[in-house]
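Data block below; observations after.
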Amino acid sequence: MILKSKFVTAPVALFTRLRLALMRHEELTGIVFWAALIGVAGAIASVLFREGIRLFEFMLTGHYGSLVGVAESLPQWQRVVIPAVGGLVAGLVLHFGERALRAPRAVDYMEAVVVGNGTIGARPTLLRSLSSLFTIASGGSIGREGPMVQLAALIGSKLGKLVGAPVPRLRLMVACGAAAGIAAAYNAPIAGSLFVAEIVMGSIAMESFGPLLVSSVTANATIHHFLGYGAVFQAPPFQFVSNWELLLYALLGVVLGHLAPPFLTLLQWSKRQIDRLAWPKYLSMLLGGLIVGAISAFVPQVWGNGYSVVSDILHGDLAGWLLMLVLFAKLASTASTVGSGAVGGVFTPTLFVGAAIGALAGGALHLAFPATVATGSAYALVGMGGFLAATTHAPLMSILMIFEMTLDYQVVLPLMLACVTAHYTAKVYRRGESIYHDSLAVSGGGADEQDWRLRTVGELIKPCAAVVQRGYTLRKVLDELPKRPVDAIYVVNDDKELLAWANPHRLLDDVTSGRTSADADIYTVADPLVLSLRADMPLGAALDSFLRSDALTLPVTSGQWQMTLVGEVSRRDLLLAVSDQFRRHAK
């Protein structure tokens, strides 16, 4: 009888064995798949946002192309009026859009990953992106990377919600979206991954860093398809004159480390001063645009995020007193735009300031020692990375960012010295707070925020992969296994009470070897229930249960005495949640 059963079930058993083997890798494959999909979708969102800027720029100015070039071609009165009108419209979009759509509070992607539950609202994000389009297209001195990253993170959040990802996995998918947005904005997939891992997640463990890399690479490849491949900044070849010049680059890092905290203080001071006016949002943003317009009437280089001006600095077309004038004008314009509450990023303006400071320092040194010191453009490149490291406190990301944006390996050694010295110097000031401190800070407050904190396993519960009723034969159980990872089969009665569990791989071995009949009742060969979790169980207690059982998944029941099966929790999701808690306490 057993031999006959074995002969009859052999083809089915072979197929089931292959399917179970594939299921061991299916979870990893699923993570990689979703990370890649987020990367592609995030890149497409970035391309659409770029095209939106071009469209709105033409609507406001009647021209396409570099914002600085457009500003230089306009008469002075239009340079004043257009940023003011753009700021007013951007403010009206936020002021009345939030009321008309009844949009909830906008959740930044950093907040969603660090202190949130991974949920980003679509309405507030799209509304703020529309407002940002008007600000950027009208010449506001702010970066376009902020909305691009936020849109990509929104896609990660929505896809995670769509597939029912638990909170730690949902946070990881939002982080993948952010990495994709940065890679698409700067053509820097490695730096994009490191930015999110180093600054936002606080860890470069492969469990989370791997999906970030996949998302960044696919986003970068998609951007190449639409926009082509090449360095963001077409800088002349880096000149490294002599080894002793490394000391000068290290000293430049020290200078940048001292100058970065005042730059951050300037941005915060500007916000406080405009907030003290207590004006409606649209009037505040009108004021910010008007200040930018007044400055651009005499210094048109302040329009936009500064990409074209940085290119001029790197090629030596902007130097000396004129560069110093542009630097101070850009600082005032950026502070006005950011302080007014405009939506955008400060990443690119930070690169602008670093390039200008580096070029000024390098130009002065080259005039004093022309035979032994490189030109100002070399110091501008290093200055970009050093100032970025000093403001973000992420030196490794800054090194890779400049390398990927220039594709010049010769800059790496001086860049490493400058970024590290700038980072350590800036850490002395402002209690070591970076430019992203407010977004990363764990605020302790109301009940809503406390609900966001993941302190129990309740948010980790997902539906069980395989639940069967007592009386099912092994043949029926193995035939009906779902096509997704299955680490445990749970046996329940008619009232959904958990009775026992079984390892599908062991069951298959027993059936194919003939030790157990395929017609046997699953309950008679299942293992008795030893451990189960409850929804209100703390993470530490749940981790202890996993360590004692050495299980990949554990069932969740309704209570200590009521054994109604609620779902299951995977060890991977629990470890991600515990890692989140450790990182928050460390911050």
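The values are calculated or read from the model by the stated rules, or taken from the named source; none is laboratory data. If you're wondering where the values come from, they're calculated on a predicted model, not measured in any experiment. Quick reminder, even Gly has a Cβ in these numbers, built from the backbone with ideal geometry, and neighbours come from all protein chains shown.
See the values below:
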read-out: Failed item, numbered, when LEU133 is tested on (1) under 17 Å from the mean Cα position of the chain (by Cα); (2) at pLDDT 90 or above; value: (1)
read-out: Residue in the range 336-350 that is more than 23 Å from GLN150 (Cα to Cα), modelled with pLDDT of 90 or more and touching a helix residue (DSSP H, G or I) at 6+ places or on another chain (Cβ under 6 Å) present; value: no
read-out: Residue within the range 437-458 that is aromatic (Phe, Trp, Tyr) and at pLDDT below 65 present; value: yes
read-out: Condition met for LEU499 (outside the structural domain of VAL167 (by TED's automatic domain parsing) and out of contact with any Ser or Thr (no Cβ under 7 Å at 6 or more places or on another chain)); value: yes
read-out: Failed criterion for PHE298 (all others in (1) within 29 Å of LEU133 (Cβ to Cβ); (2) within 23 Å of the chain's Cα centre (by Cα); (3) not aliphatic (A, V, I, L, M) hold); value: (2)
read-out: Verdict on GLU26 being modelled with pLDDT under 55 and of a type in the set (Asp, Glu); value: yes
read-out: Number of the condition not met by PRO482 [criteria: (1) touching a Phe, Trp or Tyr at 6+ places or on another chain (Cβ under 7 Å); (2) part of a loop (DSSP other than H, G, I, E, B)]; value: (1)
read-out: Where ILE313 falls short, out of the listed (1) modelled with pLDDT of 85 or more; (2) over 23 Å from GLY146 (Cα atoms); (3) surrounded by fewer than 23 Cβ atoms within 10 Å (Cβ to Cβ); value: (3)
read-out: Some residue of the range 499-513 being of a type in the set (Ser, Thr, Tyr) and either in contact with a strand residue (DSSP E or B) (Cβ under 9 Å, 6 or more places away or on another chain) or not in a helix (DSSP H, G or I) (or both); value: no
read-out: In the range 156-212, the residues that are outside any helix (DSSP H, G or I) and of a type in the set (A, V, I, L, M, F, W, C); value: VAL163, ALA165, ALA188, ILE204, ALA205
read-out: Lone qualifier among VAL254, VAL214 - being under 20 Å from LEU351 (Cβ atoms) and hydrophobic (A, V, I, L, M, F, W, C); value: VAL254
read-out: Verdict on ILE142 being touching a strand residue (DSSP E or B) at 6+ places or on another chain (Cβ under 9 Å), at negative phi and at pLDDT 85 or above; value: yes
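One line per residue, one yes/no per condition, for (1) part of a helix (DSSP H, G or I); (2) small (Gly, Ala, Ser); (3) in contact (Cβ under 8 Å) with a residue 24 or more places away in the chain; (4) more than 13 Å from ALA355 (Cβ to Cβ):
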residue: ALA378; (1), (2), (3), (4): yes, yes, yes, no
residue: GLY383; (1), (2), (3), (4): yes, yes, yes, no
residue: ALA389; (1), (2), (3), (4): yes, yes, yes, yes
residue: VAL411; (1), (2), (3), (4): yes, no, yes, no
residue: MET416; (1), (2), (3), (4): yes, no, no, yes
residue: CYS419; (1), (2), (3), (4): yes, no, yes, yes
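Residues checked against (1) at pLDDT below 90; (2) surrounded by fewer than 24 Cβ atoms within 10 Å (Cβ to Cβ); (3) basic (Lys, Arg):
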| site | (1), (2), (3) |
| --- | --- |
| ALA84 | no, yes, no |
| ALA90 | no, no, no |
| PHE96 | yes, yes, no |
| ARG102 | yes, yes, yes |
| GLY116 | yes, yes, no |
| PRO124 | yes, yes, no |
| LEU151 | no, no, no |
| ILE155 | no, no, no |
